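First up is the structure itself, then whatever we jot down about it.
The values are calculated or read from the model by the stated rules, or taken from the named source; none is laboratory data. In this text the structure is predicted, and so the values were computed from the model without any measurement. Ideal geometry is used to build each Cβ from the backbone, glycine not excepted, and the neighbour counts take in all protein chains shown. Ligands, DNA and RNA are excluded from the accessible area calculation, which covers all protein heavy atoms including side chains. Shrake-Rupley method; radii C 1.70, N 1.55, O 1.52, S 1.80 Å.
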Amino acid sequence: MDRVKVTDLNVEYLTGGDAMAALAGLSFSAEPGEIVAVIGPSGSGKSTLVYCLAGLLPPTGGTIEINGQRLTRVRPETAVILQDYGLIPWKTVAANAALGLKLRGEPAGRIAADTESSLRSFGLWDVRRHYPAQISGGQRQRVAIARALSLNPSLLLMDEPFSSLDALTRESLQNVFLDIWRRDHLTTFLVTHSIEEAAFLGHKIMVLSERPARILEIIDNPRQGDETFRSSPEFLQVCSRLRQALRQASSDVA
Amino acid sequence: MLRKVARYGLAIVVFLAVWAIGAAVLRTPALPDPWTVISQPALLFNKPMAGDFAVSLYRIVTAIALGNVLALPLGLVIGQTPSLDRYAAPLIFLTYPIPKIVFLPIFMVLLGLGDASKIVLIAVVIFFQILVTARDAARAVPEQSIMSLRSLGAGRAQIYRHVIFPASLPGVFTALRISVGTAIAVLFLAESFASQNGLGYAIINAWSGMNYPRMFAAILALAVLGVLLYEALELAERWACPWTR
């Protein structure tokens with residue numbers, strides 16, 4: 001699994017000739033198999049960070065190293081799940097799930113076999129001929145996860161994957177993710193605006209400031225992923241510490 | 001399907017009723033009553049009419065295909081390439097509102113009086129409708145959709161094929177439906193000048209011979225041509241955009 005090391009990451013956007021900083025000097029790392037939750041005020045550049053880690057957006061300054069290799073473009077071992085637009089509306093569930101393999105030019109027989117077993121294991125086989133608009137939010141996010149995992153990634157990047165779901169669906173998908181993580185130990189970056197989600201899933205929780213994003217705090221969270229942790233006093237402690245850090249993040253600017 | 005036939009039946013009844021009332025009120029040979037026209041099968045179904053119908057159908061279908069083949073890729077690329085769009089957009093907005101019929105004399109000089117000048121004229125009309133629509137559709141594709149595909153390793157051509165082109169299709173079909181009406185009007189005009197065939201020619205020819213029943217038979221044929229095109233577009237859209245159903 002991948003080791004990620006980010007040093008002094010800077011991103012500036014050009015908007016009408018003016019440079020707008022989105023990320024200002026982020027340095028952090030993730031050990032192989034670690035889940036890093038990234039939390040921050042909305043519009044703080046969390047998605048920009050995901051694009052950079054995916055190799056989709058070249059940073060203005062700083063470096064991203066994955067397993068000691070400097071990242072310069074999209075790499076096949078990284079899977080990305082975006083919040084709302086991950087699925088293609090004009091492709092069926094099966095075609096969406098198979099898309100990564102198809103783009104890679106895998107043989108049709110292998111794509112069909114892999115996709116069938118993945119759709120079955122995610123409980124999506126019965127809706128395989130439906131379009132994304134015809135299935136529930138939870139099912140859509142399962143398709144996105146199935147597609148991401150179809151490429152056997154060693155690094156998983158998720159941008160608010162569960163935020164548009166209702167509370168129960170969100171918890172069940174968090175558990176789906178944890179099951180996968182326990183099996184594959186993917187190094188994972190999970191961007192979220194939910195304090196509870198960050199506290200439940202992240203081994204490390206990185207708190208970002210308002211734009212331009214700086215790292216305010218990195219909190220270690222060794223008991224993550226334990227179902228009993230969710231209802232323990234320590235969980236509430238982590239949450240209240242995060243809440244405080246986030247409040248500071250917004251008041252810094254205000 | 002049966003329901004659709006029934007609805008067309010109803011539409012035809014209403015159409016004929018309005019026509020009959022108009023004819024009864026105006027009492028002029030220039031507007032014969034519908035019975036005079038439809039009671040004479042020889043008026044509608046004859047060899048010259050079939051020939052004119054086929055020629056007009058060929059011209060308009062070829063023009064629609066030509067306009068789309070040229071405008072769709074160009075519009076999508078312009079919409080997806082801001083550096084190109086900066087220069088192309090003013091040019092499009094400058095030329096889009098010009099009534100394309102004014103180019104008919106030029107096309108006649110360049111391409112002669114046959115099919116080519118008429119097809120090119122209609123194709124130009126379609127071209128601009130589709131160009132504008134495709135450009136807007138390509139600009140409206142969410143950045144995230146493209147990023148998501150790139151993260152799966154898609155190259156530029158694959159992004160166009162899987163995201164940008166399909167994203168434009170529903171809009172393109174709407175634009176086509178709107179432009180079919182304009183295209184038929186332009187076809188009529190093009191066929192009414194210095195022409196020897198086509199439904200436009202048939203209408204004008206019957207008119208100048210003051211053969212009004214024959215003129216209205218040709219007008220009916222033009223209406224049938226329109227219905228055929230609309231229904232073909234409907235079928236094509238259902239086939240090409242199953243996710244919108």
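Selection over the range A:126-141 of residues that are open to solvent by 60 Å² or more (accessible area, probe 1.4 Å) and not in a loop (DSSP other than H, G, I, E, B) gives a count of 4.
As a summary of the residue check, B:Gly200 satisfies the conditions (1) surrounded by 21 or more Cβ atoms within 10 Å (Cβ to Cβ); (2) within 14 Å of another protein chain (Cβ to nearest Cβ); (3) not basic (Lys, Arg) except for the one numbered (2). For the range B:146-154, check the following and say yes or no: at least one residue is within 14 Å of another protein chain (Cβ to nearest Cβ) and touching a Lys or Arg at 6+ places or on another chain (Cβ under 7 Å). Yes, the conditions are met somewhere in the range B:146-154.
Results for (1) open to solvent by 30 Å² or more (accessible area, probe 1.4 Å); (2) within 24 Å of A:Gly138 (Cα to Cα); (3) out of contact with any Phe, Trp or Tyr (no Cβ under 7 Å at 6 or more places or on another chain), shown as yes or no for each residue.
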{"residue": "A:Asp184", "(1), (2), (3)": "yes, yes, yes"}
{"residue": "A:Leu190", "(1), (2), (3)": "no, yes, yes"}
{"residue": "A:Glu197", "(1), (2), (3)": "no, yes, no"}
{"residue": "A:Gln248", "(1), (2), (3)": "yes, no, yes"}
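The residue pairs whose first member lies in the range A:226-239 and is within 14 Å of A:Ile195 (Cα to Cα), whose second member is surrounded by fewer than 12 Cβ atoms within 10 Å (Cβ to Cβ), and whose beta carbons are closer than 8 Å, counting only pairs six or more residues apart or on different chains, do not exist in this structure.
Criterion applied to B:Pro142, B:Pro82, B:Pro99, B:Pro73 was being under 20 Å from the mean Cα position of the chain (by Cα), surrounded by fewer than 18 Cβ atoms within 10 Å (Cβ to Cβ) and within 30 Å of A:Gly86 (Cβ to Cβ), and the one residue passing it is B:Pro73.
Among helices (runs of 4 or more DSSP H) entirely within the range A:153-254, having at least 1 residues that are in contact with an Asp or Glu (Cβ under 9 Å, 6 or more places away or on another chain) and among the hydroxyl-bearing types (Ser, Thr, Tyr) singles out A:233-251.
The test for being without any contact (Cβ under 8 Å) to a residue 60 or more places away in the chain, within 16 Å of the chain's Cα centre (by Cα) and open to solvent by less than 30 Å² (accessible area, probe 1.4 Å) does not hold for A:Leu9. Across the range A:96-115, what is the total count of residues that are under 22 Å from A:Ala133 (Cβ atoms) and of a type in the set (Val, Ile, Thr)? Residues in the range A:96-115 being under 22 Å from A:Ala133 (Cβ atoms) and of a type in the set (Val, Ile, Thr): 1 in total.
When the range B:39-52 is filtered for residues that are open to solvent by 50 Å² or more (accessible area, probe 1.4 Å), in contact (Cβ under 8 Å) with a residue 60 or more places away in the chain and either in a helix (DSSP H, G or I) or among the small types (Gly, Ala, Ser) (or both), only B:Pro48 remains. Within the range A:57-100, the set of residues being of a type in the set (A, V, I, L, M) and within 30 Å of B:Thr244 (Cα to Cα) comprises A:Ala79, A:Val80, A:Ile81, A:Leu82, A:Leu87, A:Ile88, A:Val93, A:Ala94, A:Ala95, A:Ala97, A:Ala98, A:Leu99.
Among the criteria (1) in contact with an Asp or Glu (Cβ under 6 Å, 6 or more places away or on another chain); (2) modelled with pLDDT of 90 or more, the one A:Thr48 does not fulfil is (1). Is it the case that some residue within the range B:169-185 is over 27 Å from B:Met108 (Cβ atoms) and within 12 Å of chain A (Cβ to nearest Cβ)? For the range B:169-185, residues over 27 Å from B:Met108 (Cβ atoms) and within 12 Å of chain A (Cβ to nearest Cβ): present.
Looking only at the range B:119-129, decide whether some residue is of a type in the set (Phe, Trp, Tyr), within 30 Å of A:Gly105 (Cβ to Cβ) and either buried (at least 19 other Cβ atoms within 10 Å of the Cβ) or within 13 Å of chain A (Cβ to nearest Cβ) (or both).
Checked the range B:119-129: no residue is of a type in the set (Phe, Trp, Tyr), within 30 Å of A:Gly105 (Cβ to Cβ) and either buried (at least 19 other Cβ atoms within 10 Å of the Cβ) or within 13 Å of chain A (Cβ to nearest Cβ) (or both).
Selection of first residues in the range A:140-161 that are within 11 Å of another protein chain (Cβ to nearest Cβ) and of second residues that are among the hydroxyl-bearing types (Ser, Thr, Tyr) and open to solvent by 20 Å² or more (accessible area, probe 1.4 Å), restricted to Cβ pairs under 8 Å at least 6 apart or on distinct chains, gives the following pairs, ordered by first then second residue: A:Ser150/A:Ser118; A:Asp159/A:Ser47.
Mind checking which residues of the range A:79-97 are within 18 Å of A:Ala30 (Cα to Cα) and either open to solvent by 60 Å² or more (accessible area, probe 1.4 Å) or facing chain B (nearest Cβ under 7 Å) (or both)? If the condition is that a residue be within 18 Å of A:Ala30 (Cα to Cα) and either open to solvent by 60 Å² or more (accessible area, probe 1.4 Å) or facing chain B (nearest Cβ under 7 Å) (or both), then A:Val80 is the only one that fits.
Per-residue answers, yes or no, for (1) open to solvent by less than 60 Å² (accessible area, probe 1.4 Å); (2) at the interface with chain B (Cβ under 9 Å from one of its Cβ atoms); (3) closer than 23 Å to A:Arg183 by Cα; (4) touching a Gly at 6+ places or on another chain (Cβ under 8 Å):
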{"position": "A:Gly40", "(1), (2), (3), (4)": "yes, no, no, no"}
{"position": "A:Tyr51", "(1), (2), (3), (4)": "yes, yes, no, no"}
{"position": "A:Ala54", "(1), (2), (3), (4)": "yes, yes, yes, no"}
{"position": "A:Thr63", "(1), (2), (3), (4)": "yes, no, no, no"}
